[in-house]
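**Q** Before we start, here is the structure in question, set down as structure tokens.
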Amino acid sequence: MPYSHHSHSGQFCGHALGSLEEVVLEAIKQRFEVYGLTEHVPRYRLEDLYPEERALSIGDLSNQFMRFLDEAHRLKEIYAPQITLLVGLETEYITNDDLNHLHNLLKDNERRIDYIVGSVHHVSGIPIDFDRVTYEKALANFSGEEGVHTRGNHQMEQFLSAYFDAQHTLIRQFQPEIIGHLDLCRLYNPSLDLKQYPIAWGKLSRNIEEAIHYGALFEINSAALKKEGWTSPYPGKDVIALIQEKNGRFALSDDSHGPRTVGQYYLQVVDYLMQSGITELWYLGHSSKPNHKGRHISPRRIEGDWRLHAFWTTCREGKRLTDTVEPLFNFK
């Protein structure tokens, strides 16, 4: 669908590629109608920097995010005749200090941040989506107490519970409009059956209910399809079914990390949506009235049958990349 609510660029993210403008131009080329420009909020401890950021200071990360906001709003204005750009952020929750900084960041940039993608990437202060080694380190922080035979299950139960508790804190405190990659906690275990961990499953159910209560959209994130072992987007079918059971609403995201991954795997997402029985899709749009958290954005249902949109026909005919879009202005 010609909508995405979650993206990154190499200009403002060390593990992405390309400039933010190149991402926008690719979205226009592919005839996206609404495209969300988001970036990770700054981290505030040196130990939380990733290897590609070791030359940066904490101040550099904060300045980089402010430059992202400046550039995103510049592009939003320039390309308004061709595409609706939304300017948002993707959360980090490593320690409670991150939430305090996020509160201040939102307050200081009240009218410059359209919406929030609420994501959790750490458990016990350790990244769970960087590589398998660090994921295993995060998992190892939890140990069973019932003996060798049950230790593995008990350990995973605790790990998943910690992830969903962090997610709940984020949802409750900031009420993000988009819930990002809901089940990222099983990135390195794509076949993990969450229902086998009843405590964690109950916490996930609680989170979904909390998000639905204030009107959040749950992203169908196509980026999972490039991960080893994944045959579906985030979230998996079991989580999709739970959201449907509670009448939750879905939105699309490509979670692109540069122009080459704009709209990536969207055709596979179509098949997944139809297999999952998702008959409605939603997207975010600007609103003259503030929402539940004072941000001028609101969810909107895609009118008609989303499966009949011309975007999908163009995709299947292989014509998505035939048109060239040049920058309207050449800033140096």
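**Q** So which residues in the range 251-271 are open to solvent by 10 Å² or more (accessible area, probe 1.4 Å) and either under 24 Å from I116 (Cβ atoms) or of a type outside the set (A, V, I, L, M) (or both), if there are any at all?
**A** Listed by number, the residues that qualify are D255, H257, P259, R260, T261, Q264, Y265, Q268, D271.
**Q** Restricting to the range 105-125, name every residue that is part of a strand (DSSP E or B) and either under 22 Å from Y214 (Cα atoms) or in contact with a Ser or Thr (Cβ under 6 Å, 6 or more places away or on another chain) (or both).
**A** Listed by number, the residues that qualify are Y115, I116, V117, G118.
**Q** Turning to a different aspect of this structure: Within the range 132-141, does at least one residue satisfy the condition of being touching a strand residue (DSSP E or B) at 6+ places or on another chain (Cβ under 8 Å) and modelled with pLDDT under 95?
**A** yes
**Q** Next question. Please state which of the following conditions D114 fails to meet, knowing it meets all the rest: (1) surrounded by 13 or more Cβ atoms within 10 Å (Cβ to Cβ); (2) without any contact (Cβ under 8 Å) to a residue 60 or more places away in the chain; (3) not polar (S, T, N, Q).
**A** Only one criterion is unmet by D114, namely (2).
**Q** List every residue pair whose Cβ atoms lie under 7 Å apart, where the two residues are 6 or more positions apart in sequence or sit on different chains, the first residue falls within the range 34-56 and is farther than 24 Å from V24 by Cα, and the second residue, located anywhere, is open to solvent by 50 Å² or more (accessible area, probe 1.4 Å) and not in a loop (DSSP other than H, G, I, E, B).
**A** Listed by first residue and then by second, the contacts come to Y44/D97; Y44/H101.
**Q** Going residue by residue through the range 87-104, is there one that turns out to be under 15 Å from the mean Cα position of the chain (by Cα), buried (at least 19 other Cβ atoms within 10 Å of the Cβ), of a type in the set (A, V, I, L, M) and assigned to a helix (DSSP H, G or I)?
**A** No, because not a single residue in the range 87-104 is under 15 Å from the mean Cα position of the chain (by Cα), buried (at least 19 other Cβ atoms within 10 Å of the Cβ), of a type in the set (A, V, I, L, M) and assigned to a helix (DSSP H, G or I).
**Q** Now a separate question. When the residues of the range 183-218 are narrowed to those that are open to solvent by 10 Å² or more (accessible area, probe 1.4 Å) and among the β-branched types (V, I, T), which ends up farthest from the chain's Cα centre (by Cα)?
**A** Among those residues, the one meeting the criterion is I199.
**Q** Test each condition in (1) modelled with pLDDT under 95; (2) assigned to a loop (DSSP other than H, G, I, E, B); (3) surrounded by 14 or more Cβ atoms within 10 Å (Cβ to Cβ); (4) in contact with a Pro (Cβ under 9 Å, 6 or more places away or on another chain) for L328 and report the one that comes out false.
**A** Exception for L328: condition (3).
Per-residue answers, yes or no, for (1) under 21 Å from F130 (Cα atoms); (2) of a type in the set (G, A, S); (3) part of a helix (DSSP H, G or I):
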| residue | (1), (2), (3) |
| --- | --- |
| F142 | yes, no, no |
| L170 | yes, no, yes |
| E210 | no, no, yes |
| A223 | yes, yes, yes |
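**Q** Okay, moving on. Tell me the residue from S143, S119, S124 that is exposed (fewer than 14 other Cβ atoms within 10 Å of the Cβ) and small (G, A, S), please.
**A** The match here is S143.
**Q** Does T38 count as under 24 Å from S4 (Cβ atoms) and surrounded by fewer than 20 Cβ atoms within 10 Å (Cβ to Cβ)?
**A** In short, no.
Let's see how each residue does on (1) touching a strand residue (DSSP E or B) at 6+ places or on another chain (Cβ under 8 Å); (2) buried (at least 21 other Cβ atoms within 10 Å of the Cβ):
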position: G229; (1), (2): no, no
position: P235; (1), (2): yes, yes
position: A241; (1), (2): no, no
position: G285; (1), (2): yes, no
position: P290; (1), (2): no, no
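**Q** Hey, another quick one. Among the listed residues E245, E280, which satisfies the condition of being within 21 Å of H213 (Cα to Cα) and over 21 Å from the mean Cα position of the chain (by Cα)?
**A** On inspection, the qualifying residue turns out to be E245.
**Q** Let me ask another. Against the definition (over 17 Å from the mean Cα position of the chain (by Cα), under 16 Å from P235 (Cα atoms) and hydroxyl-bearing (S, T, Y)), how does S288 come out, yes or no?
**A** no
The values are calculated or read from the model by the stated rules, or taken from the named source; none is laboratory data. Everything numeric in this text was worked out from a predicted model, so none of it was measured. Note that we place each Cβ from the backbone using ideal geometry, even for glycine, and neighbour counts take in every protein chain shown. Side chains included, ligands, DNA and RNA excluded: accessible areas come from the protein's heavy atoms. Shrake-Rupley method; radii C 1.70, N 1.55, O 1.52, S 1.80 Å.
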